[in-house]
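See below for the structure under consideration.
The values are calculated or read from the model by the stated rules, or taken from the named source; none is laboratory data. This one's a predicted model, so the numbers in the text were calculated from it and none came from an experiment. A quick note on method: Cβ atoms are made from the backbone with ideal geometry, for glycine too, and the neighbour counts reach across all protein chains shown.
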Amino acid sequence: MKPALISGIQPTGKLHIGNYLGSLKNFVELQNSEKYRCYFFIADLHSLTEDFDPKEKPGQILTVALDYLSAGIDPKKSIVFVQSKIPAHSELAIILNNFSPTGELKRMTQFKDKSERQAENVNMGLFDYPVLMASDVFLYDAAVVPVGEDQVQHLELARTLARRFNNKFGKTFMEPKPFLTEAKRIMSLDNPEKKMSKSSPAGCLFLDDEPETIREKIKRAVTDSGHEVKCDPESKPAISNLIRIYAGFMNETTEIVEKKFKNKGYGDFKKDLAETIIRSLTPFQKKKKELIKKSAAVKKVLAAGNRKAGMVAGQKIEEVKEQLGLSID
Ligand code: AQP
């Protein structure tokens with residue numbers, strides 16, 4: 001049997017090119033490689049860790065589904081589902097909490113960053129995020145998890161947790177490995193020291209942005225002093241970020257991009273970058289406009305995916321309970 005692969009995206013707002021280059025584009029390539037049994041889910045339980053409006057949530061969930069399908073996730077090849085529809089995710093997280101030292105969770109960078117960002121709402125869900133994420137992965141015996149760099153620390157914690165659990169109760173969980181793209185960390189367009197993040201929309205370039213908006217945002221994106229199109233994250237973090245974006249969309253290395261713009265300045269490079277992004281996103285945007293009109297069909301895809309994922313996860317949670325002595329006839 002092919003190894004399983006799983007990943008998810010939170011329905012917290014419009015997806016940006018960081019989500020795309022760091023994960024979604026990779027999801028499609030991995031799916032099409034036909035090397036894996038692929039599961040892609042909408043991480044709606046994870047999305048409750050920050051303030052939200054329940055009225056907006058259904059639209060946000062549907063938007064991630066549309067984004068998946070528009071980017072090329074094919075329900076004939078991959079199982080697409082909604083996390084909250086599979087009770088085993090929450091059940092396993094509650095179980096795994098007992099084997100997750102709070103000291104390890106306190107060290108998580110995302111917890112520390114988000115605790116600062118939402119100081120008035122530092123909740124248990126935020127603290128426990130990595131345990132729920134480990135559950136998401138363990139339920140499907142996933143060997144590979146395509147994610148951006150920000151999630152690598154959580155996967156390391158999941159591997160430790162799997163080892164600890166297996167040593168104590170017998171082999172139950174796989175130790176998942178992250179799968180990173182070259183564009184594993186796209187930075188904000190207005191601050192190259194900060195990750196591009198849905199919750200800081202000012203520095204985002206969204207997948208739905210119109211060509212004129214893309215041109216404008218790239219034109220306004222901060223650059224470094226000098227004029228050379230050179231990838232040097234230490235001394236030229238802003239232009240390095242733009243080079244990585246260009247390389248990501250063109251499937252080229254940053255060295256090739258540097259060569260291409262060797263005798264050109266930032267202005268020429270930015271113009272070409274904007275047109276490259278527009279061209280690359282056109283098929284996605286076109287497909288999304290078509291799919292928006294077919295939301296009933298998209299919901300059917302999710303319902304079918306929920307059924308399939310539910311069966312796999314349901315079996316696994318029973319196996320876990322048995323290992324723990326929680327099953328009596
Ligand atoms: N800037 C980024 N560069 C590369 N990859 C990124 N990812 C997120 N931002 C970047 C990857 O996208 C996937 C989905 O992310 P998510 O929605 O689950 O949550 P996130 O990592 O918290 O993304 P955001 O945009 O920063 O959302 P908010 O602001 O809601 O927290 C993940 O694989 C992630 O690594």
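The residues in the range 206-228 that are over 22 Å from residue 265 (Cα atoms) and hydrophobic (A, V, I, L, M, F, W, C) can be counted, and the count is 2. Confirm whether residue 181 is of a type in the set (S, T, N, Q) and within 15 Å of the ligand (Cβ to nearest atom). It is true that residue 181 is of a type in the set (S, T, N, Q) and within 15 Å of the ligand (Cβ to nearest atom).
Residue-wise test of (1) over 24 Å from the mean Cα position of the chain (by Cα); (2) of a type in the set (A, V, I, L, M, F, W, C); (3) modelled with pLDDT under 95.
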residue: 215; (1), (2), (3): yes, no, no
residue: 232; (1), (2), (3): yes, no, yes
residue: 247; (1), (2), (3): no, yes, no
residue: 259; (1), (2), (3): yes, no, no
residue: 265; (1), (2), (3): yes, no, yes
residue: 273; (1), (2), (3): no, yes, no
residue: 280; (1), (2), (3): no, no, no
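Quick one: would you say residue 131 is among the aliphatic types (A, V, I, L, M), touching a His at 6+ places or on another chain (Cβ under 9 Å) and either more than 12 Å from the ligand (Cβ to nearest atom) or at pLDDT below 95 (or both)? Judged against the criteria, residue 131 is not a match.
Per the listing 176, 201, 211, the residue uniquely in contact (Cβ under 8 Å) with a residue 12 or more places away in the chain, under 20 Å from the mean Cα position of the chain (by Cα) and away from the ligand (no atom under 11 Å from the Cβ) is 176.
The residue list 268, 272, 224 contains one member that is outside any strand (DSSP E or B) and touching a strand residue (DSSP E or B) at 6+ places or on another chain (Cβ under 6 Å), which is 224. Residue 17 meets all of the listed conditions (1) modelled with pLDDT of 95 or more; (2) touching a Gly at 6+ places or on another chain (Cβ under 6 Å); (3) over 24 Å from residue 312 (Cα atoms) but one, namely (2). Here the range 45-71 is the region considered, the condition is being touching a residue at least 60 places away in the same chain (Cβ under 8 Å) and part of a loop (DSSP other than H, G, I, E, B), and the residue that is nearest to the ligand (Cβ to nearest atom) is 50.
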